[in-house]
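Peer 1: Got a structure for you, written out below as C-alpha coordinates; questions coming shortly.
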Amino acid sequence: HYIASNALFLVACCAKPSVITFPGMVFLLDTLILRKFTPFPFEWKRYKQYAPAVAIAIPVAILAQIAQTAGGATMHQAGIPLWYRCLNALFSVGVYLRNLVWPSSLAPQCAIQWPALPHFAIGGVLIGGGFLLFAAFLTFKVYRWLQDGALKDAQHITTGVLWFLGTLFPMLGISAFGGHAFADRFT
(Lines give C-alpha, C1' and ligand atoms only; values in the text may rest on other atoms or scores of the structure.)
Protein backbone atom coordinates (compact mmCIF):
# COMPACT_ATOMS: atom_id res chain seq x y z
CA HIS A 1 0.00 0.00 0.00
CA TYR A 2 2.88 2.33 0.83
CA ILE A 3 4.59 1.86 -2.54
CA ALA A 4 1.29 2.07 -4.41
CA SER A 5 0.29 5.31 -2.66
CA ASN A 6 3.62 6.95 -3.55
CA ALA A 7 3.41 5.71 -7.14
CA LEU A 8 -0.11 7.09 -7.48
CA PHE A 9 1.03 10.35 -5.90
CA LEU A 10 3.70 10.61 -8.61
CA VAL A 11 1.04 10.02 -11.28
CA ALA A 12 -1.19 12.66 -9.67
CA CYS A 13 1.70 15.15 -9.67
CA CYS A 14 2.16 14.52 -13.39
CA ALA A 15 -1.51 15.29 -13.95
CA LYS A 16 -1.76 18.40 -11.76
CA PRO A 17 1.23 19.81 -9.85
CA SER A 18 -0.99 21.47 -7.25
CA VAL A 19 -1.40 18.04 -5.64
CA ILE A 20 2.05 18.56 -4.06
CA THR A 21 0.24 19.40 -0.83
CA PHE A 22 -0.49 15.67 -0.33
CA PRO A 23 2.39 14.91 2.10
CA GLY A 24 1.31 17.78 4.34
CA MET A 25 -2.30 16.66 4.29
CA VAL A 26 -1.37 13.07 5.19
CA PHE A 27 0.78 14.37 8.04
CA LEU A 28 -2.17 16.46 9.22
CA LEU A 29 -4.47 13.43 9.24
CA ASP A 30 -1.87 11.21 10.92
CA THR A 31 -1.21 13.76 13.64
CA LEU A 32 -4.62 15.23 14.44
CA ILE A 33 -7.19 12.62 13.43
CA LEU A 34 -5.54 9.19 13.48
CA ARG A 35 -3.18 10.18 16.32
CA LYS A 36 -0.49 7.83 15.07
CA PHE A 37 2.03 10.00 16.82
CA THR A 38 2.42 13.39 18.37
CA PRO A 39 5.03 15.79 17.09
CA PHE A 40 6.59 16.16 20.55
CA PRO A 41 9.44 15.48 20.93
CA PHE A 42 10.41 15.89 17.30
CA GLU A 43 12.47 12.97 16.00
CA TRP A 44 13.36 12.64 12.31
CA LYS A 45 13.14 8.83 12.40
CA ARG A 46 9.42 9.00 13.14
CA TYR A 47 8.76 10.95 9.95
CA LYS A 48 10.73 8.87 7.47
CA GLN A 49 7.50 7.49 6.02
CA TYR A 50 6.87 10.92 4.46
CA ALA A 51 10.30 11.11 2.79
CA PRO A 52 9.32 9.54 -0.57
CA ALA A 53 6.30 11.81 -0.99
CA VAL A 54 8.33 14.90 -0.08
CA ALA A 55 11.10 13.72 -2.43
CA ILE A 56 8.48 13.61 -5.20
CA ALA A 57 6.76 16.90 -4.28
CA ILE A 58 9.83 19.14 -4.21
CA PRO A 59 11.13 18.33 -7.72
CA VAL A 60 7.59 18.52 -9.11
CA ALA A 61 7.18 22.01 -7.64
CA ILE A 62 10.53 23.11 -9.07
CA LEU A 63 9.84 21.57 -12.49
CA ALA A 64 6.37 23.16 -12.61
CA GLN A 65 7.86 26.57 -11.86
CA ILE A 66 10.56 26.11 -14.52
CA ALA A 67 8.06 24.90 -17.12
CA GLN A 68 5.61 27.72 -16.42
CA THR A 69 8.38 30.31 -16.56
CA ALA A 70 9.77 28.89 -19.83
CA GLY A 71 6.27 28.90 -21.31
CA GLY A 72 5.76 32.56 -20.40
CA ALA A 73 2.98 31.89 -17.89
CA THR A 74 4.72 33.83 -15.09
CA MET A 75 5.61 36.95 -17.06
CA HIS A 76 2.52 38.74 -15.73
CA GLN A 77 3.96 38.62 -12.23
CA ALA A 78 7.37 40.02 -13.09
CA GLY A 79 6.46 43.51 -11.89
CA ILE A 80 4.20 42.55 -8.99
CA PRO A 81 5.90 42.87 -5.59
CA LEU A 82 5.73 40.02 -3.08
CA TRP A 83 3.81 42.10 -0.52
CA TYR A 84 1.05 42.69 -3.10
CA ARG A 85 0.87 38.97 -3.93
CA CYS A 86 0.62 38.19 -0.18
CA LEU A 87 -2.19 40.74 0.20
CA ASN A 88 -3.87 39.13 -2.79
CA ALA A 89 -3.48 35.71 -1.12
CA LEU A 90 -5.21 37.01 2.00
CA PHE A 91 -7.97 38.40 -0.18
CA SER A 92 -8.22 35.12 -2.10
CA VAL A 93 -8.77 33.09 1.10
CA GLY A 94 -11.71 35.35 1.89
CA VAL A 95 -13.15 35.07 -1.60
CA TYR A 96 -12.72 31.30 -1.66
CA LEU A 97 -14.60 31.12 1.65
CA ARG A 98 -17.33 33.40 0.35
CA ASN A 99 -17.64 31.33 -2.82
CA LEU A 100 -17.76 28.15 -0.75
CA VAL A 101 -20.88 29.47 0.97
CA TRP A 102 -22.33 31.56 -1.90
CA PRO A 103 -20.92 30.45 -5.29
CA SER A 104 -21.96 33.20 -7.68
CA SER A 105 -20.39 34.97 -10.66
CA LEU A 106 -17.80 32.24 -11.17
CA ALA A 107 -15.82 32.22 -14.42
CA PRO A 108 -14.59 29.06 -16.18
CA GLN A 109 -11.46 30.91 -17.31
CA CYS A 110 -9.91 33.14 -14.66
CA ALA A 111 -11.44 36.50 -15.55
CA ILE A 112 -9.71 38.54 -12.85
CA GLN A 113 -6.30 39.61 -14.15
CA TRP A 114 -3.28 41.24 -12.51
CA PRO A 115 -2.79 43.92 -11.28
CA ALA A 116 -6.44 44.73 -10.57
CA LEU A 117 -7.93 43.23 -7.45
CA PRO A 118 -11.31 41.65 -8.08
CA HIS A 119 -14.58 42.95 -6.74
CA PHE A 120 -15.21 42.13 -3.09
CA ALA A 121 -11.56 42.94 -2.28
CA ILE A 122 -12.14 44.66 1.08
CA GLY A 123 -14.60 42.02 2.21
CA GLY A 124 -12.21 39.32 1.05
CA VAL A 125 -9.36 40.77 3.10
CA LEU A 126 -11.58 41.02 6.18
CA ILE A 127 -12.94 37.48 5.83
CA GLY A 128 -9.52 36.06 4.91
CA GLY A 129 -7.80 37.86 7.77
CA GLY A 130 -10.43 36.69 10.24
CA PHE A 131 -10.14 33.13 8.97
CA LEU A 132 -6.34 33.17 9.22
CA LEU A 133 -6.54 34.52 12.78
CA PHE A 134 -9.04 31.76 13.60
CA ALA A 135 -6.67 29.17 12.04
CA ALA A 136 -3.74 30.54 14.04
CA PHE A 137 -5.79 30.41 17.25
CA LEU A 138 -6.88 26.81 16.59
CA THR A 139 -3.33 25.77 15.73
CA PHE A 140 -2.04 27.32 18.97
CA LYS A 141 -4.77 25.59 20.99
CA VAL A 142 -4.10 22.20 19.40
CA TYR A 143 -0.36 22.69 20.00
CA ARG A 144 -1.08 23.27 23.69
CA TRP A 145 -3.43 20.28 23.84
CA LEU A 146 -0.83 18.05 22.19
CA GLN A 147 1.76 19.15 24.75
CA ASP A 148 -0.66 18.47 27.60
CA GLY A 149 -1.79 15.17 26.05
CA ALA A 150 -5.41 16.32 26.14
CA LEU A 151 -6.45 16.80 22.52
CA LYS A 152 -10.17 17.49 22.48
CA ASP A 153 -12.93 17.56 19.86
CA ALA A 154 -11.53 20.72 18.28
CA GLN A 155 -9.11 18.48 16.36
CA HIS A 156 -11.75 17.96 13.66
CA ILE A 157 -12.39 21.68 13.21
CA THR A 158 -8.67 22.41 13.24
CA THR A 159 -8.00 19.65 10.72
CA GLY A 160 -10.71 21.03 8.43
CA VAL A 161 -9.39 24.59 8.64
CA LEU A 162 -5.77 23.55 8.07
CA TRP A 163 -6.84 21.17 5.26
CA PHE A 164 -8.67 24.02 3.53
CA LEU A 165 -5.67 26.35 3.80
CA GLY A 166 -3.13 23.68 2.93
CA THR A 167 -4.79 22.46 -0.24
CA LEU A 168 -5.62 26.00 -1.28
CA PHE A 169 -2.06 27.28 -0.87
CA PRO A 170 -0.91 26.58 -4.46
CA MET A 171 -3.85 28.64 -5.77
CA LEU A 172 -3.43 31.71 -3.54
CA GLY A 173 -1.41 33.74 -6.02
CA ILE A 174 1.87 34.01 -4.12
CA SER A 175 3.62 31.91 -6.74
CA ALA A 176 0.76 31.58 -9.18
CA PHE A 177 1.03 30.91 -12.87
CA GLY A 178 -0.59 33.01 -15.53
CA GLY A 179 -2.12 36.43 -15.50
CA HIS A 180 -4.96 35.72 -13.09
CA ALA A 181 -5.08 37.25 -9.61
CA PHE A 182 -7.69 34.80 -8.39
CA ALA A 183 -8.60 31.42 -9.84
CA ASP A 184 -12.30 31.24 -9.07
CA ARG A 185 -12.67 27.98 -10.99
CA PHE A 186 -10.91 26.24 -8.07
CA THR A 187 -13.76 27.14 -5.72
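Peer 1: Suppose we filter region 1-45 for residues that are open to solvent by 60 Å² or more (accessible area, probe 1.4 Å) and at pLDDT below 75; how many remain?
Peer 2: Final tally of qualifying residues: 7.
Peer 1: With (1) hydroxyl-bearing (Ser, Thr, Tyr); (2) farther than 25 Å from Val142 by Cα; (3) at pLDDT 75 or above as the list, and Tyr50 as the residue in question, which single condition is left unmet?
Peer 2: (2)
The values are calculated or read from the model by the stated rules, or taken from the named source; none is laboratory data. This structure is a prediction, so every number in the text was calculated from the model and none was measured. Just the protein is used for accessible areas: all its heavy atoms, side chains included, with ligands, DNA and RNA removed. Shrake-Rupley method; radii C 1.70, N 1.55, O 1.52, S 1.80 Å.
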